[in-house]
1. Hey, can you tell me all the residues within the range 131-152 that are under 24 Å from residue 182 (Cα atoms) and of a type in the set (A, V, I, L, M, F, W, C)?
2. What about residue 117, is it hydroxyl-bearing (Ser, Thr, Tyr), in contact with a helix residue (DSSP H, G or I) (Cβ under 6 Å, 6 or more places away or on another chain), crowded, with 19+ Cβ neighbours inside 10 Å and in a loop (DSSP other than H, G, I, E, B)?
3. Inside the range 220-252, can you point out the residues that are under 25 Å from residue 88 (Cβ atoms) and either out of contact with any strand residue (DSSP E or B) (no Cβ under 9 Å at 6 or more places or on another chain) or touching a residue at least 40 places away in the same chain (Cβ under 8 Å) (or both)?
4. Has the range 203-219 got at least one residue that is on the phi < 0 side of the Ramachandran plot and touching a helix residue (DSSP H, G or I) at 6+ places or on another chain (Cβ under 6 Å)?
5. Which of the residues that make up the range 21-58 are more than 15 Å from residue 170 (Cβ to Cβ), free of Cβ contacts under 8 Å to residues at least 40 places away in the same chain and either acidic (Asp, Glu) or open to solvent by less than 50 Å² (accessible area, probe 1.4 Å) (or both)?
6. Within the range 219-255, take every residue that is closer than 27 Å to residue 113 by Cα and in contact with an Asp or Glu (Cβ under 9 Å, 6 or more places away or on another chain) and give me the one that is surrounded by the fewest Cβ atoms within 10 Å (Cβ to Cβ).
7. So which residues in the range 179-195 are surrounded by 11 or more Cβ atoms within 10 Å (Cβ to Cβ), among the acidic types (Asp, Glu) and in contact (Cβ under 8 Å) with a residue 40 or more places away in the chain, if there are any at all?
8. Please work out if residue 231 is out of contact with any Lys or Arg (no Cβ under 9 Å at 6 or more places or on another chain) and of a type in the set (A, V, I, L, M, F, W, C).
Amino acid sequence: MVDTTRVIAAKTEATYGTDAAPTLAANAILTRNYSSTPLEVDQVQRNLDTRKFGASRQKPSNARYRSAYEVELAGSGAAGTAPKWMTLLAAAGMKAANVTAGQKAEQVFAQVGDPSSSLTEYAWTGDQLRKSVGQRGTFSLDFTAGALPFAGLQFTGLVPAAAPRSQAAPGAADFTGWIEPVEVNNENSLFTLDGFGAVTRSLRIEAGRNVALRSLVGARYIKGGNHQATARVVIEAPGVAAKDYLAALATGDLVAWSFVHGKTAGNIVEASGTKAQITSIGETEEDDVLMFDIGLLLTVDGGADDLVLTAK
């Protein structure tokens, strides 16, 4: 029997696919809803001609590890210090955090030619340790009123040749670097779209990054490719005189947006962009209030960053 307690540690690799040896003392990740596929394989079909009906034995190929989990979005506790979740996002399509001492840490998507980060993950389920190297992935962000903000992460990694699985108690984990977030609500949060402060139910952002295992002669690695970031925001429908979002949908004009969350220095998180296109608007009702469900395409038109994350 294996008890389903879960704890993980993840660390940026200095060399792709080389075990970075994360520890729970220095690299523990405070997760929720962790799940994994500790071994996933393809099957190479043989389709042999024999004198018997039935299947031929297949050949397992392309062994890989998948994990998915959520982490809360909060600052680091000190303005000018990057929060730990930025290390995870750097392996999910973002650049490493750009830190301005004493002020902020800022993160944007990596572009062509930028270094591509990767992680080594050690994951304990009960006393079962599973290892993965060369992890790369994608992510989503969720800011919903009445809840705590979080990032959802999905990673694919390689299975190391040496001791990928073992029986080992995890020991103590140090989570002190993970700061408690504040609730998304009227006191702590503000969403603006095209300069208008909207009454907001939720904002959800999807990185939309392509991730694939590349297994060739001479190379085997997880490729993090292009991305297409999108968002959905649910707001109270404003009067046309205050803000006509339907007009922006009709013209395809690009608009600025931002979601600022938190009031105290060291625990303020902002997601923003300057060139979003409204691609759809659906109508719903909530407590007899008309709501807009707005789809956004976060673009890089004019060389803009499609998504800017700031901790300050």
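1. First, pick out the residues of the range 131-152 that are under 24 Å from residue 182 (Cα atoms): 139-152.
Matches in the range 131-152: 139, 141, 143, 145, 147, 148, 150, 151.
2. So residue 117 fits the description; yes.
3. 220, 221, 222, 223, 224, 227, 228, 229, 230, 231, 232, 233
4. no
5. Hits for the range 21-58 are 40, 42, 49, 56.
6. 228
7. 194
8. Answer is no for this residue.
The values are calculated or read from the model by the stated rules, or taken from the named source; none is laboratory data. A quick note: this is a predicted structure, and the numbers were derived from the prediction, not measured. FYI the Cβ positions are ideal-geometry reconstructions off the backbone, even for glycines, and counts take in every protein chain you see. Protein only, heavy atoms only, side chains kept; ligands, DNA and RNA dropped before computing areas. Shrake-Rupley method; radii C 1.70, N 1.55, O 1.52, S 1.80 Å.
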